[in-house]
Amino acid sequence: MTEKKTGNQMWGGRFAAGPSAIMEAINASIDVDRRLWREDIMGSRAHARMLAAQGIISSDDLAAIETGLEQVAAEIEEGSFPFSAALEDIHMNVEARLKEIIGEPAGRLHTARSRNDQVATDFRLWVRTACLRMDALLADLQKALLGQAERHAATVMPGFTHLQTAQPVTFGHHCMAYVEMFARDRQRFTDAVNRMNECPLGAAALAGTSFPIDRDATAAALAFDRPTANSLDTVSARDFAVEAVSAAAISAMHISRLAEEIVIWCTAQFNFIRLPDDYSTGSSIMPQKRNPDAAELCRAKVARIIGDLNGLMIMLKGLPLAYSKDMQEDKEQTFDAFDALELCLRAMAGMVSGMSVNEARMRAAAGHGFSTATDLADWLVRELNLPFRDAHHVTGALVAIAEEKGCDLAELSLDDMQSVHGEIAADVFSVLTVDHSVASRTSYGGTAPDNVRAQIARWKELMKGPAS
């Protein structure tokens, strides 16, 4: 009896005719999920070895499958593999080519598994690797920030709230704030890996399998902590991808905040830093321009990463158990988010490492805008025993006088000071310098240069060990 040709030979036996061109186009995912080829072959090897160890396939079949998979991997690596949209996805492309290479044994590879648990495995493997890669890139960015912080632990700059001058801080302290932010990002990726590190292989389509498989063996072979515990959940769950892309979006948000500051600091009005030439661009009409385009693009890419996260969640929110074809749309958004984040992390590390700091300009700006007003209020509390709210009121009145005179607090006369509160003494002026201000902030986590150096030393030691 001649086998009827029904389009896709991997599943077409039920159908009298093949899919239309439109159906084939909407159904195919090979242009996206071909990126999973390494994971697919890795999972197939682990599955085949387990099947042979359990006596489900023969050792000869295993040898043929392993040889064939090696050839498939080599062809994809060298770019000669014949990817086909008619075969829909990476799983069937690999299996079809394996059959061409080794014949009948290829058909036994799919025993006791489904594309449902296969894609869940491949995708977890890819996302796990991507999270670990982001952790390493975040560590590189932390090191770049630590380098700047170490050079500028005592470099005074204005600290801002509402983008208005607030109190003096040091540039090293400012850099260390981002070291802390990116440390939390690394923890989020680590947490995501820990939660996703369960092996889906063996869940099959949705109900498990009647074959005597060893799921612990495949989990161990693929460096998972354990097999997943519920077959329905296994093929339905994509929260591992949502969590990973959520971590990516939060990290991208932090990158965007740093990028925004870099853009501001590069302006002629601020002139706090200068980006290196290899992370700046020019203008086609204005020859004087040095544009911080890399920072601007890092700032922009957070929008697409957040969009990818929203897309994933919206795609999943209405799906019943177990697998639905909607879930084919999970990979493009996840790949895009991690691609964008990786590019931003590499660009930001380059910018931070190469930026030069205009210390004189930062120091001058730190002294403007009545940035030592809180130091004056603190002096009134310590020396005159005023309640802080009263000291705040006195200081506000002195700021108003200085503003009217067009000078800073340190430029007021003692008579001006005593016109508001007669007990103010001349030594008040000793606390009105930016150096005194930053040096006095010695509380844990404060901006005092010695504090900053201690935090730098702590982080340099931590960076020698495991991921934070």
Checklist entry - residue 450 label point, 7 Å along Cα→Cβ, cut-off 15 Å on backbone N: hits in segment 144-160? => result 154
Item to check | Accessible carbon and sulfur surface of the chain relative to its total accessible area, %, 1.4 Å | outcome: 53 percent
Item to check | Amide H partners (placed H, <5 Å) of residue 56, local residues excluded | outcome: none
Item to check | Cα-based reach from residue 143 at 16 Å (exclusive), listing lysines while leaving out same-chain residues under 8 positions away | outcome: 460, 464
Checklist outcome for this item: Residue span residue 291 to residue 191: 0.36 nm per residue of separation minus Cα-Cα distance leaves a gain in nm of 32.3 nm
Next on the checklist: How charged is the neighbourhood of residue 295? Take every other residue with its Cβ under 10 Å from the Cβ of residue 295, and add Lys/Arg as +1 and Asp/Glu as -1.
Outcome noted: -3
Item to check | Local electrostatic count, residue 129, Cβ distance below 10 Å [Lys/Arg +1, Asp/Glu -1] | outcome: +3
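Compute the relative contact order of segment 99-198 as a whole-number percentage, counting only Cα pairs closer than 8 Å that sit 6 or more residues apart in sequence.
29 percent
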Checklist entry - Remind me, relative contact order of the chain in percent, using alpha carbon pairs under 8 angstrom and six or more residues apart? => result 16 percent
Checklist entry - Cα centroid distance between segment 237-277 and segment 299-317, in Å? => result 16 Å
Item to check | From phi via Karplus (6.51, -1.76, 1.60), per-residue ³J(HN,Hα) for segment 360-377 in Hz, x at Gly/Pro | outcome: 5, 5, 4, 4, 4, 5, 5, x, 9, x, 6, 5, 9, 4, 5, 5, 5, 4
Checklist entry - What angle do you read, to the nearest 10 degrees and between 0 and 90, between the alpha-carbon axis of helix 388-405 and the longest principal axis of the chain? => result 70 degrees
Checklist outcome for this item: Charge dipole of segment 165-223 built from unit charges on the beta carbon (Lys, Arg +1; Asp, Glu -1), centred at mean Cα; most positive-end Cα among 178, 207, 223 is 178
Item to check | Cβ-based net charge around residue 277, under 14 Å, with every Lys or Arg adding one and every Asp or Glu removing one | outcome: +1
Item to check | For the chain, diffusion coefficient by Stokes-Einstein and Kirkwood Rh (Cα), 4 °C, 1.567 mPa s, µm²/s | outcome: 49 µm²/s
Checklist entry - Using θ = phi - 60° and the Karplus form 6.51 cos²θ - 1.76 cosθ + 1.60, what ³J(HN,Hα) does each residue of segment 255-262 get, whole Hz, x for Gly and Pro? => result 4, 5, 5, 5, 4, 4, 5, 4
Item to check | Long-range HN-HN contacts of residue 110 with modeled amide H, under 5 Å | outcome: none
Checklist outcome for this item: Whole-Hz Karplus couplings 3J(HN,Hα) for segment 189-200, θ = phi - 60° and coefficients 6.51, -1.76, 1.60, Gly and Pro as x, run 5, 4, 4, 4, 4, 4, 6, 7, 7, 10, 8, x
Checklist entry - Near the amide H of residue 166, under 5 Å away, which other amide H atoms are found, from residues 5 or more places off or on another chain, if H is placed in the peptide plane? => result 159, 160, 161
Item to check | Accessible solvent surface per residue of the chain, calculated while the other protein chains remain in place, 1.4 angstrom probe, Å² | outcome: 47 Å²
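Order the following by accessible area, largest value first: 338, 270. Probe radius 1.4 Å; ligands, DNA and RNA are ignored.
Details: 338 0, 270 50 Å².
Ranking 338, 270 by accessible area, largest first, yields 270, 338.
The values are calculated or read from the model by the stated rules, or taken from the named source; none is laboratory data. Remember, predicted model here, so these are calculated numbers, not experimental data. All Cβ positions, glycine included, derive from the backbone under ideal geometry; neighbour counts span all protein chains shown. Heavy atoms of the whole protein, side chains included, go into the accessibility calculation; ligands, DNA and RNA do not. Shrake-Rupley method; radii C 1.70, N 1.55, O 1.52, S 1.80 Å.
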